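Notes to accompany the following structure.
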Amino acid sequence: GAVVSQHPSWVICKSGTSVKIECRSLDFQATTMFWYRQFPKQSLMLMATSNEGSKATYEQGVEKDKFLINHASLTLSTLTVTSAHPEDSSFYICSATTGAPLQPQHFGDGTRLSIL
Amino acid sequence: AQSVAQPEDQVNVAEGNPLTVKCTYSVSGNPYLFWYVQYPNRGLQFLLKYITGDNLVKGSYGFEAEFNKSQTSFHLKKPSALVSDSALYFCAVRFTDSWGKLQFGAGTQVVVTP
(Lines give C-alpha, C1' and ligand atoms only; values in the text may rest on other atoms or scores of the structure.)
Protein backbone atom coordinates (compact mmCIF):
# COMPACT_ATOMS: atom_id res chain seq x y z
CA GLY A 1 0.00 0.00 0.00
CA ALA A 2 0.79 3.72 0.00
CA VAL A 3 2.09 3.95 -3.54
CA VAL A 4 2.99 7.29 -5.07
CA SER A 5 3.47 7.52 -8.82
CA GLN A 6 5.46 10.33 -10.38
CA HIS A 7 5.51 11.07 -14.09
CA PRO A 8 7.53 11.55 -16.19
CA SER A 9 10.60 9.86 -14.78
CA TRP A 10 12.92 11.65 -17.18
CA VAL A 11 12.44 14.71 -19.34
CA ILE A 12 14.77 16.67 -21.58
CA CYS A 13 13.63 19.94 -23.06
CA LYS A 14 14.86 23.17 -24.52
CA SER A 15 15.50 26.28 -22.50
CA GLY A 16 12.45 28.51 -22.27
CA THR A 17 9.85 25.78 -22.33
CA SER A 18 7.57 24.81 -19.47
CA VAL A 19 7.52 21.33 -18.00
CA LYS A 20 4.77 19.73 -15.96
CA ILE A 21 5.45 16.93 -13.47
CA GLU A 22 2.61 14.88 -12.02
CA CYS A 23 2.45 13.21 -8.63
CA ARG A 24 -0.35 10.76 -7.91
CA SER A 25 -1.24 8.79 -4.82
CA LEU A 26 -2.53 5.50 -6.23
CA ASP A 27 -4.12 3.79 -3.25
CA PHE A 28 -4.75 6.48 -0.68
CA GLN A 29 -6.03 10.01 -0.43
CA ALA A 30 -3.26 12.52 0.00
CA THR A 31 -4.37 15.60 1.85
CA THR A 32 -0.83 16.94 1.75
CA MET A 33 1.87 16.58 -0.86
CA PHE A 34 5.41 17.86 -0.77
CA TRP A 35 7.77 18.79 -3.58
CA TYR A 36 11.52 18.43 -3.18
CA ARG A 37 14.56 19.18 -5.26
CA GLN A 38 17.71 17.11 -4.97
CA PHE A 39 21.14 17.89 -6.36
CA PRO A 40 23.65 15.09 -7.01
CA LYS A 41 24.88 13.43 -3.85
CA GLN A 42 22.98 15.91 -1.70
CA SER A 43 20.00 15.85 0.58
CA LEU A 44 16.45 16.77 -0.32
CA MET A 45 15.53 20.44 -0.34
CA LEU A 46 11.87 21.09 0.38
CA MET A 47 10.41 23.44 -2.19
CA ALA A 48 6.77 23.64 -1.17
CA THR A 49 3.93 22.03 0.74
CA SER A 50 0.71 21.47 -1.12
CA ASN A 51 -2.65 20.95 0.54
CA GLU A 52 -5.63 19.80 -1.49
CA GLY A 53 -7.86 22.65 -2.51
CA SER A 54 -5.63 25.45 -1.26
CA LYS A 55 -2.61 27.38 -2.39
CA ALA A 56 0.78 25.83 -1.91
CA THR A 57 3.12 27.11 0.77
CA TYR A 58 6.56 27.76 -0.62
CA GLU A 59 9.83 27.60 1.28
CA GLN A 60 11.96 30.67 1.55
CA GLY A 61 13.93 31.33 -1.58
CA VAL A 62 11.71 29.27 -3.90
CA GLU A 63 10.15 31.32 -6.69
CA LYS A 64 6.45 30.60 -6.72
CA ASP A 65 6.04 32.06 -10.21
CA LYS A 66 8.77 29.78 -11.50
CA PHE A 67 7.53 26.63 -9.80
CA LEU A 68 3.75 26.46 -10.07
CA ILE A 69 2.09 23.88 -7.85
CA ASN A 70 -1.48 22.72 -8.14
CA HIS A 71 -3.19 20.21 -5.85
CA ALA A 72 -6.60 19.96 -7.41
CA SER A 73 -7.67 16.61 -5.99
CA LEU A 74 -6.86 14.25 -3.15
CA THR A 75 -4.80 12.08 -5.49
CA LEU A 76 -3.01 14.49 -7.79
CA SER A 77 -0.55 17.33 -7.43
CA THR A 78 1.40 18.90 -10.28
CA LEU A 79 4.59 20.92 -10.41
CA THR A 80 5.11 23.10 -13.47
CA VAL A 81 8.55 24.53 -14.07
CA THR A 82 7.85 27.61 -16.15
CA SER A 83 10.30 29.02 -18.69
CA ALA A 84 12.86 26.47 -17.63
CA HIS A 85 16.57 27.24 -17.87
CA PRO A 86 19.64 25.03 -17.49
CA GLU A 87 19.99 25.97 -13.81
CA ASP A 88 16.58 24.37 -13.21
CA SER A 89 18.01 21.01 -14.20
CA SER A 90 17.72 18.73 -11.20
CA PHE A 91 16.02 15.70 -9.69
CA TYR A 92 12.54 16.58 -8.47
CA ILE A 93 10.77 14.31 -6.01
CA CYS A 94 7.25 14.44 -4.65
CA SER A 95 5.85 12.84 -1.56
CA ALA A 96 2.38 12.42 -0.13
CA THR A 97 0.82 11.85 3.22
CA THR A 98 -2.69 11.03 4.31
CA GLY A 99 -2.63 13.74 6.92
CA ALA A 100 -3.18 11.25 9.71
CA PRO A 101 -1.06 12.14 12.71
CA LEU A 102 2.58 11.15 12.51
CA GLN A 103 2.25 8.99 9.42
CA PRO A 104 5.32 8.81 7.15
CA GLN A 105 5.60 10.54 3.84
CA HIS A 106 5.48 8.23 0.83
CA PHE A 107 7.70 9.20 -2.05
CA GLY A 108 7.46 9.02 -5.80
CA ASP A 109 10.43 7.79 -7.82
CA GLY A 110 11.43 11.26 -8.88
CA THR A 111 11.76 13.12 -12.17
CA ARG A 112 15.12 13.82 -13.74
CA LEU A 113 14.79 17.19 -15.50
CA SER A 114 17.45 18.24 -17.99
CA ILE A 115 17.20 21.64 -19.66
CA LEU A 116 19.35 22.13 -22.74
CA ALA B 1 14.60 25.40 15.53
CA GLN B 2 15.26 21.78 14.85
CA SER B 3 17.95 19.94 13.00
CA VAL B 4 19.27 16.52 12.24
CA ALA B 5 22.87 15.55 11.59
CA GLN B 6 24.42 12.54 9.93
CA PRO B 7 28.11 12.81 10.77
CA GLU B 8 29.34 10.28 8.20
CA ASP B 9 29.25 10.93 4.47
CA GLN B 10 29.95 7.27 3.78
CA VAL B 11 30.01 4.01 5.67
CA ASN B 12 31.86 1.01 4.30
CA VAL B 13 31.09 -2.46 5.59
CA ALA B 14 31.76 -6.00 4.47
CA GLU B 15 28.79 -8.21 3.67
CA GLY B 16 27.68 -10.13 6.74
CA ASN B 17 29.07 -7.59 9.18
CA PRO B 18 26.92 -5.32 11.33
CA LEU B 19 25.91 -2.01 9.82
CA THR B 20 25.37 1.22 11.76
CA VAL B 21 24.41 4.57 10.30
CA LYS B 22 24.54 7.43 12.77
CA CYS B 23 22.02 10.22 13.29
CA THR B 24 21.74 12.89 15.96
CA TYR B 25 18.95 15.39 16.33
CA SER B 26 18.02 18.63 17.99
CA VAL B 27 14.38 19.47 18.62
CA SER B 28 12.28 21.35 21.10
CA GLY B 29 9.67 19.04 22.48
CA ASN B 30 9.13 15.40 21.61
CA PRO B 31 11.13 14.15 18.65
CA TYR B 32 9.44 12.31 15.80
CA LEU B 33 12.20 10.59 13.84
CA PHE B 34 12.30 8.71 10.57
CA TRP B 35 14.75 6.73 8.45
CA TYR B 36 14.50 6.52 4.68
CA VAL B 37 16.63 4.78 2.05
CA GLN B 38 17.23 5.96 -1.52
CA TYR B 39 18.51 3.83 -4.37
CA PRO B 40 20.05 5.49 -7.45
CA ASN B 41 17.60 7.54 -9.51
CA ARG B 42 14.73 6.56 -7.24
CA GLY B 43 12.61 8.24 -4.62
CA LEU B 44 12.89 7.53 -0.93
CA GLN B 45 11.60 4.40 0.74
CA PHE B 46 10.37 4.52 4.32
CA LEU B 47 12.26 2.20 6.68
CA LEU B 48 11.04 3.01 10.17
CA LYS B 49 9.94 5.70 12.57
CA TYR B 50 10.11 6.57 16.25
CA ILE B 51 7.16 8.35 17.76
CA THR B 52 7.00 7.13 21.33
CA GLY B 53 7.35 3.96 23.36
CA ASP B 54 10.04 1.33 23.03
CA ASN B 55 13.45 2.81 22.28
CA LEU B 56 14.28 0.00 19.85
CA VAL B 57 12.25 0.34 16.69
CA LYS B 58 12.10 -2.43 14.10
CA GLY B 59 11.52 -1.61 10.47
CA SER B 60 11.64 -2.94 6.95
CA TYR B 61 14.31 -5.20 5.40
CA GLY B 62 15.76 -6.22 8.77
CA PHE B 63 16.67 -2.70 9.84
CA GLU B 64 16.17 -1.35 13.32
CA ALA B 65 16.98 1.89 15.07
CA GLU B 66 17.72 2.79 18.65
CA PHE B 67 16.37 5.98 20.10
CA ASN B 68 18.57 7.45 22.83
CA LYS B 69 17.11 10.53 24.44
CA SER B 70 20.12 11.39 26.60
CA GLN B 71 22.45 11.31 23.61
CA THR B 72 19.81 12.74 21.23
CA SER B 73 20.61 9.99 18.77
CA PHE B 74 18.65 7.70 16.51
CA HIS B 75 21.18 5.34 14.91
CA LEU B 76 20.10 2.91 12.22
CA LYS B 77 21.35 -0.65 12.54
CA LYS B 78 21.32 -3.96 10.76
CA PRO B 79 22.93 -7.04 12.29
CA SER B 80 24.18 -8.50 9.01
CA ALA B 81 24.58 -6.26 5.97
CA LEU B 82 23.84 -7.35 2.42
CA VAL B 83 25.36 -6.04 -0.79
CA SER B 84 21.85 -4.95 -1.75
CA ASP B 85 21.81 -2.62 1.27
CA SER B 86 24.23 -0.34 -0.58
CA ALA B 87 22.28 2.90 -0.94
CA LEU B 88 21.89 6.42 0.40
CA TYR B 89 20.29 6.63 3.83
CA PHE B 90 18.52 9.66 5.25
CA CYS B 91 17.53 10.43 8.80
CA ALA B 92 14.70 12.94 9.23
CA VAL B 93 12.92 14.77 12.02
CA ARG B 94 9.38 15.98 11.74
CA PHE B 95 8.53 19.64 12.10
CA THR B 96 5.99 20.51 14.74
CA ASP B 97 3.56 21.99 12.22
CA SER B 98 0.41 20.13 11.33
CA TRP B 99 1.41 19.22 7.81
CA GLY B 100 4.14 16.73 8.59
CA LYS B 101 7.08 18.53 7.03
CA LEU B 102 10.39 16.75 7.47
CA GLN B 103 13.90 18.07 8.01
CA PHE B 104 16.35 15.67 6.38
CA GLY B 105 19.93 15.01 7.28
CA ALA B 106 22.63 15.26 4.64
CA GLY B 107 22.51 11.56 3.95
CA THR B 108 24.99 8.73 4.43
CA GLN B 109 26.14 6.58 1.54
CA VAL B 110 26.41 2.94 2.59
CA VAL B 111 28.71 0.71 0.61
CA VAL B 112 28.56 -3.01 1.34
CA THR B 113 31.34 -5.03 -0.26
CA PRO B 114 31.09 -8.75 -1.01
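Tabulated results
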quantity	calculated
Max mean-square fluctuation residue, GNM over chain A, Cα-Cα springs under 10 Å, options A:Thr17, A:Thr31, A:Thr57	A:Thr17
Chain pair B, A: total accessible area buried, heavy atoms, 1.4 Å probe, Å²	1800
Scaled radius of gyration (Cα, divided by 2.2 N^0.38 Å) that the stretch A:16-70 gives	1.22
Cysteines, the protein assembly as shown, no other Cys beta-carbon under 4.7 Å	A:Cys13
Column: log10 I(q)/I(0), Debye, Cα scatterers of the stretch A:7-116, q = 0.10 Å⁻¹	-0.26
Fraction of accessible area attributable to carbon and sulfur, chain A (%, probe 1.4 Å)	53
Length-normalised contact order for chain B - Cα pairs under 8 Å, 6+ apart - percent	36
Whether the stretch B:63-108 is rounded, prolate or oblate, judged on the alpha carbon gyration tensor where a/c under 1.5 counts as rounded	oblate
Max mean-square fluctuation residue, GNM over chain A, Cα-Cα springs under 10 Å, options A:Ser73, A:Ser54, A:Ser25	A:Ser54
Globularity ratio of chain B, using Cα Rg and 2.2 N^0.38 Å	1.02
Surface accessible to a 1.4 Å probe, per residue, for the residues of the stretch A:1-92, Å²	52
Evaluated over the protein assembly as shown, the Cα radius of gyration and Dmax, each in Å	17.7, 53
Calculated FRET efficiency for the pair A:Gln60/B:Glu15, C-beta based, R₀ 45 Å, to 0.05	0.55
In the stretch A:48-110, the GluC sites (Glu not before Pro) that fall in loop regions by DSSP, at most 16 other Cβ within 10 Å	A:Glu59, A:Glu63
Accessible area in the full protein assembly, largest first, 1.4 Å probe, for A:Phe34, A:Phe107	A:Phe107, A:Phe34
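The values are calculated or read from the model by the stated rules, or taken from the named source; none is laboratory data. Predicted model, so just to flag it, every value in this text is computed and none were measured. So basically every Cβ, Gly included, is an ideal-geometry build from the backbone, and we count neighbours across all protein chains shown. Side chains are part of the model used for accessible areas, which takes the heavy atoms of the whole protein and leaves out ligands, DNA and RNA. Shrake-Rupley method; radii C 1.70, N 1.55, O 1.52, S 1.80 Å.
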